[in-house]
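Trainee: Structure provided below as structure tokens; questions to follow.
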Amino acid sequence: MLDFYLFPISYAFYTFPIAAAIFTLPFLVVQYRRHGYIHKYRALILYLFLLYLMNAFYLIILPFPDSVHNSPPKAESYAQWIPFHFISDIVKETGARLDSPATYVRLLTERAFLQVVFNVLLTVPFGMFMRHYLRTRWPACLLCTLGLSLFFEITQVTAIFGIFDYPYRLFDVDDLMMNTAGGMIGFLFADWLGRWLPRIDKLDERTDLSRRRVAYTQRAIAFLFDWAILLPPFVLLSVARVPYSYVLIVVAYFIVLPYLTNGLTPGKWLVRIRLKGRGERITLGELTARYGLLYLLAGGANVAFVRAGLHSISPMVMLLFAFVLFVFDMAVAVHFLRCLFNRNRRLIHEEKSGTAHVITAKSSTVKETRRKKHG
């Protein structure tokens, strides 16, 4: 009986790294946008919740039938609508007797009883998450757990929404009841356990974002998002053979736009960071020095090499160009790695321009500060 449950659980753990990799980018974006940084405890809870959801879902759909063209189940109906029908199942199958307490241990090996226990345990972590992480009240937890259980039952009775010809598991109202009960047990347990765990809504109280170092992952996401926006117009301008299209895009997006927005680009806004210069407002000179070194010099050299390869240039010149560019890119890579592993070192384009990334405050915090200034 236990093997029936261990099989889906093992598959959930096998595939968790793939799901975690897919989940990581949305997770980082949401966390940076909401909180400005990543808190390790908050991240741990969310990844554990992802692992739990995978286990729960695999438990209700695995093992699959041998073929999508499966046979109909041997049952008069695809649904069991009688509440507490599991009691009669346990009475029929059990070898335990009320007048003999020594036989009660047999329940632990019987399918009908274990099915009820596992249906309760299935949603206990969900109720704990609702209470501890989302800080919900019991009516919301009750409705959400019921909704989750209803989703499970519908998934089963529709043969995973039509993937298989016939359902291979039936809709059972007792499962709805036991799953919902499990969620409420988890809710109560989390209320007790919360006395020893950090409160999620208090994690950021002692964090001073103005002094917190901007993570390289935060900057990398902003970089990727900005260039995802820029790539289509850059390709179009290149195809149209607009002269100096790369320079025009870099100047417009990374110099003019941040000057107008005081250090913001769409990518930086997404993860709640901005560029700060030596004064209250960043200057054109600081932006030009920063992005002139980063994109016009370092990036422009690589763009120039690609474009040179599209034209009929002497192979010897291209070989020399490639060698010089390789040495230059390696030097840039080594410099970046040294800064990555040494928090006291600054990237050269930041040091020369006098600019740095800072985490922006929430809009509500900014509004409150303005109210205080204006009395």
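The values are calculated or read from the model by the stated rules, or taken from the named source; none is laboratory data. Remember, it's a predicted structure, so these values are computed and weren't measured experimentally. Here the Cβ positions follow ideal geometry from the backbone for every residue, glycine too, while neighbour counts run over all protein chains shown. Only protein heavy atoms, including side chains, enter the accessible area calculation; ligands, DNA and RNA are left aside. Shrake-Rupley method; radii C 1.70, N 1.55, O 1.52, S 1.80 Å.
Trainee: Of all the accessible heavy-atom surface of segment 75-136, with the other protein chains kept in place and a 1.4 Å probe, what percent is carbon and sulfur?
Mentor: Numbers: 2630 of 3890 Å².
So the carbon and sulfur contribution to the accessible surface is 68 percent.
Trainee: Still on this model: Would you mind working out the accessible area per residue for the chain, using a 1.4 Å probe, and quoting it in Å²? Working shown, then result.
Mentor: On the way: 22940 Å² over 375 residues.
It amounts to 61 Å² per residue over the chain.
Trainee: Turning to a different aspect of this structure: Principal axis extents for segment 284-357, Cα atoms only, whole Å, descending order, please.
Mentor: 44, 30, 13
Trainee: For the chain, which span is the longest to avoid every loop-located (per DSSP) member of chymotrypsin sites (Phe, Trp or Tyr not before Pro) having at most 14 other Cβ atoms inside 10 Å?
Mentor: 245-375
Trainee: Oh, and also: Which angle from 0 to 90°, rounded to the nearest 10, does the C-alpha axis of helix 40-61 make with the longest principal axis of the chain?
Mentor: Orientation of helix 40-61: about 50 degrees from the principal axis.
Trainee: Here is a follow-up. In whole Å, what are the extents of segment 220-294 along the principal axes defined by its C-alpha atoms, from largest to smallest?
Mentor: The Cα atoms of segment 220-294 stretch 40, 25, 19 Å along the principal axes, largest first.
Trainee: About its Cα centre, what dipole magnitude does the chain give when the only charges are +1 on Lys and Arg Cβ and -1 on Asp and Glu Cβ, stated in debye to the nearest 20? If you can, show how the numbers build up before the last one.
Mentor: Numbers: 41 positive and 24 negative charges, 566 e Å.
It works out to roughly 2720 debye.
Trainee: Just need log10 I(q)/I(0) for the chain at q = 0.07, 0.09, 0.12, 0.14 Å⁻¹, Debye formula, equal scatterers on the alpha-carbon atoms, no solvent, rounded to two decimals.
Mentor: Taking Cα atoms of the chain as identical point scatterers yields -0.55, -0.78, -1.02, -1.20.
Trainee: What's the long-distance tail for segment 159-253, i.e. % of Cα pairs beyond 18 Å?
Mentor: Summing the P(r) of segment 159-253 above 18 Å gives 76 percent of all pairs.
Trainee: Using a Gaussian network model on the chain with a 10 Å cutoff between Cα atoms, which of Val251, Val327, Val173 fluctuates the most?
Mentor: The residue with the greatest mean-square fluctuation here is Val327.
Trainee: From the protein chains alone at 1.4 Å, what is the descending order of accessible area for Ile273, Ile82, largest first?
Mentor: Ranked list, largest accessible area first: Ile82, Ile273.
Trainee: Going by accessible area, probe 1.4 Å, with all protein chains left in place, what is the ranking of Lys352, Lys40, Lys268, largest first?
Mentor: Ranked from most to least accessible, the order is Lys40, Lys352, Lys268.
Trainee: To continue, here is another question. Please work out the Cα convex hull volume for segment 29-91 and give it in Å³ per residue.
Mentor: On the way: hull volume 13.4 nm³, N = 63.
That works out to 213 Å³ per residue.
Trainee: Over segment 100-242, what lengths in whole Å, largest first, do the semi-axes of the equivalent ellipsoid take, defined as the square roots of 5 times the eigenvalues of the alpha-carbon gyration tensor? Don't skip to the end; give the middle numbers.
Mentor: Working: eigenvalues 419, 159, 33 Å².
Each semi-axis is the square root of five times an eigenvalue, giving 46, 28, 13 Å.
Trainee: Among Ala12, Ala222, Ala75, determine the one that fluctuates most according to a GNM of the chain built with springs between C-alpha atoms less than 10 Å apart.
Mentor: Ranking Ala12, Ala222, Ala75 by mean-square fluctuation puts Ala75 first.
Trainee: So, one more: Would you mind calculating the gained length between Leu188 and Tyr41 on full extension (0.36 nm times residue separation, minus the Cα-Cα distance), in nm to one decimal?
Mentor: 50.8 nm
Trainee: For segment 5-113, what size does the Cα cloud have along each of its three principal axes, sorted from largest down, in whole Å?
Mentor: That gives 61, 43, 27 Å along the principal axes, largest extent first.
Trainee: Moving on. Given 10 °C and 1.306 mPa s, how large is the Stokes-Einstein diffusion coefficient of segment 58-160 in µm²/s, with Rh as the Kirkwood radius over Cα pairs?
Mentor: Values: Rh = 16.6 Å.
It comes out at roughly 96 µm²/s.
Trainee: Can you tell me the orientation of helix 138-157 relative to the chain, as the angle in degrees between its alpha-carbon axis and the longest Cα principal axis, to the nearest 10?
Mentor: Around 80 degrees separate the two axes.
Trainee: Just subtract the alpha-carbon distance of Ile22 and Asn344 from 0.36 nm times their residue separation and send over the number in nm, one decimal.
Mentor: Taking 0.36 nm per residue and subtracting the Cα distance, the gain is 112.7 nm.
Trainee: Continuing with this model, one more query. Which one of Leu320, Leu122, Leu257 has the biggest mean-square fluctuation once the chain is modelled by GNM with Cα springs under 10 Å?
Mentor: Most flexible of the set in this elastic network: Leu320.
Trainee: What's the tally of Lys pairs in the chain whose alpha-carbon atoms lie under 14 angstrom apart, where the two lysines are 8 or more places apart or on different chains?
Mentor: Lysine pairs meeting the criterion: 4.
Trainee: Within the accessible area of segment 206-316, what % is carbon and sulfur when the probe is 1.4 Å and the other protein chains stay in place?
Mentor: On segment 206-316, the fraction of accessible area on carbon and sulfur atoms equals 70 percent.
Trainee: So, one more: Largest first and in whole Å, give the semi-axes of segment 223-345's equivalent ellipsoid, each being the square root of 5 times a Cα gyration tensor eigenvalue.
Mentor: Details: eigenvalues 157, 85, 31 Å².
Value: 28, 21, 12 Å, ordered largest first.
Trainee: OK, next. What residue among Phe152, Met130, Leu347 has its Cα farthest toward the positive end of the dipole of the chain, where the charges are +1 on Lys, Arg and -1 on Asp, Glu, each on the Cβ?
Mentor: Result: Leu347.
Trainee: Does anyone have the angle between helix 111-121 and the longest principal axis of the chain? Alpha-carbon axes, 0 to 90°, nearest 10?
Mentor: Value to nearest ten degrees: 40.
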